[in-house]
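Contents: one structure, followed by commentary.
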Amino acid sequence: MPPYPSSLRLHTLLLSFLSLCLFTITLANEGFCSASSFSTDTKPLYYKVSNPTLSPSHLKDLPGYTRSVYKRDHAFITPESHVFSPLPDWTNTLGAYLISPAMGSHFVMYLARMQGNSRSGLLPPNDVERFIFVLHGTVALTNVSGSSHKLTVSFDRHLILFNGSGDAREAAIACLNLACLSCFHQTSFVLEKIWCPEPETKLFMALLVNLWALLGIYWNLSDQDLNSDGLTSHWRNVVDSFAYLPPSHQHLIASDAAATLAIFERRHAYLEGYKTELIVGSTDAQPLLETPGEVFELRKLLPADLQYDFNIHIMDFQPGEFLNVKEVHYNQHGLLLLEGQGIYRLGDSWYPIQAGDAIWMAPFVPQWYAALGKTRSRYLLYKDVNRNPL
């Protein structure tokens, strides 16, 4: 039998890959992919935090209505009661303080809305340390030495393609866009035109790599040429950027466009012989930690070393998962729900909670969480650590 024409083999290959993509979409609907099914919704990560639902539709016109609650041992702060005003010493930035010592905490937690051409102020005096987490947009962090870091909430992936015929390349792009939209609707994909001397072989390799990406098999690659014949890839992953600034560390946070940050600050409790250091990182780069007796996924954004007097946790719950331990402890918490919805118990009160809601928990208040809805719950959690409560 004579061999198939090259174009026929190429189109057969593309059709096979499209079938695999559709199979992946089916798996996504059955729970093998954490993203939702195919959708044209391309809202950014943590969209609901920077664009929250202010109140249920049937109550939005009810004068005086709010879900916010303040009690002696906890506070439940919801977006409809946020009050933004210019942040002291910041330029073109509005802030809403959600937690402060006025309610009994030993730290502050606030949202900073940088409105374009914005600059941060200096840290408050007397050994205040700062933690920033990017909720929306991109900011540049520059320290006293002049080194700069780009912090953002989204990430781009340049996927491998080849410079084949127009019809074949368009078919490949269509396949990849369909699959990308289905499994990574909150992710930005950029398809890079590259040159390959053997288009069918290179296309198969490219499609295979991208299929692996759809199934959650990633590589952390820097900008580089993978080989000498034109096959290249750029893989930049800066999801959920954060930074820790040591006490009195001189730095500048700047943004030329709109950006939103969650910021924690507290006066550092020194231990003799220990010194904290500047940390810049991303959530995805932090390992998943063991949670004996629990089902949620836990990442810690700061080292567990003794010099750090607090940590920031990222905790993920799938729908229906809940805390097994009904916690009562001496540590304080500041919480911001980044994604999803659920029920939070604080003391004898039970609160429906959704993305954008914040909580302060005083020492020894009973606390418990259960995730509801159809999507993952994720929250950002402050916790004081490594210090004797005396």
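Details
- Boolean, Leu390 is open to solvent by 20 Å² or more (accessible area, probe 1.4 Å), among the aliphatic types (A, V, I, L, M) and under 26 Å from Asp305 (Cβ atoms): yes
- Only listed residue being at pLDDT below 90, of a type in the set (A, V, I, L, M, F, W, C) and under 20 Å from Gly334 (Cβ atoms), chosen from Val108, Val49, Val83: Val49
- Subset of the range 290-328 [farther than 26 Å from Asn388 by Cα, touching a residue at least 40 places away in the same chain (Cβ under 8 Å) and part of a strand (DSSP E or B)]: Asp316, Phe317, Phe322
- Residues in the range 140-152 that are under 20 Å from Glu277 (Cβ atoms) and surrounded by 18 or more Cβ atoms within 10 Å (Cβ to Cβ): Leu141, Leu151.
- Selection within the range 336-374 - under 24 Å from Thr283 (Cα atoms), open to solvent by 10 Å² or more (accessible area, probe 1.4 Å) and touching a strand residue (DSSP E or B) at 6+ places or on another chain (Cβ under 7 Å): Glu339, Gly340, Gln341, Gln354, Trp368, Ala370, Leu372, Gly373
- Look at the range 115-130: where a residue is farther than 25 Å from Asn311 by Cβ and a partner is open to solvent by less than 10 Å² (accessible area, probe 1.4 Å), sitting 6+ places away or on another chain with Cβ atoms under 6 Å, you get Ser118/Thr93; Ser118/Ser255.
- Subset of the range 329-383 (residues that are touching a Gly at 6+ places or on another chain (Cβ under 8 Å), of a type in the set (Ser, Thr, Tyr) and in a strand (DSSP E or B)): Tyr369, Ser377, Tyr382
- Entry remark, the range 82-99: residues being surrounded by fewer than 16 Cβ atoms within 10 Å (Cβ to Cβ) and either on the phi > 0 side of the Ramachandran plot or outside any strand (DSSP E or B) (or both) number 5 in total.
- Options Ile353, Ile343, Ile314, Ile279; residue that is touching a helix residue (DSSP H, G or I) at 6+ places or on another chain (Cβ under 6 Å) and β-branched (Val, Ile, Thr): Ile314
- Failed item, numbered, when Val325 is tested on (1) in contact with a strand residue (DSSP E or B) (Cβ under 7 Å, 6 or more places away or on another chain); (2) open to solvent by 10 Å² or more (accessible area, probe 1.4 Å): (1)
- Scanning the range 100-126 for residues that are aliphatic (A, V, I, L, M), out of contact with any Lys or Arg (no Cβ under 9 Å at 6 or more places or on another chain) and part of a strand (DSSP E or B) gives Met109, Leu111, Ala112, Met114.
- Residue tally, condition buried (at least 17 other Cβ atoms within 10 Å of the Cβ) and polar (S, T, N, Q), over the range 237-285: 6
- Residue within the range 235-244 that is polar (S, T, N, Q), at pLDDT 90 or above and out of contact with any Lys or Arg (no Cβ under 7 Å at 6 or more places or on another chain) present: yes
The values are calculated or read from the model by the stated rules, or taken from the named source; none is laboratory data. For clarity, every value in this text was computed on a predicted model and none was experimentally measured. Heads up, the Cβs are rebuilt from the backbone with ideal geometry, glycines too, and the neighbour counts pull from every protein chain shown. SASA here: full protein model, heavy atoms, side chains in, ligands and nucleic acids out. Shrake-Rupley method; radii C 1.70, N 1.55, O 1.52, S 1.80 Å.
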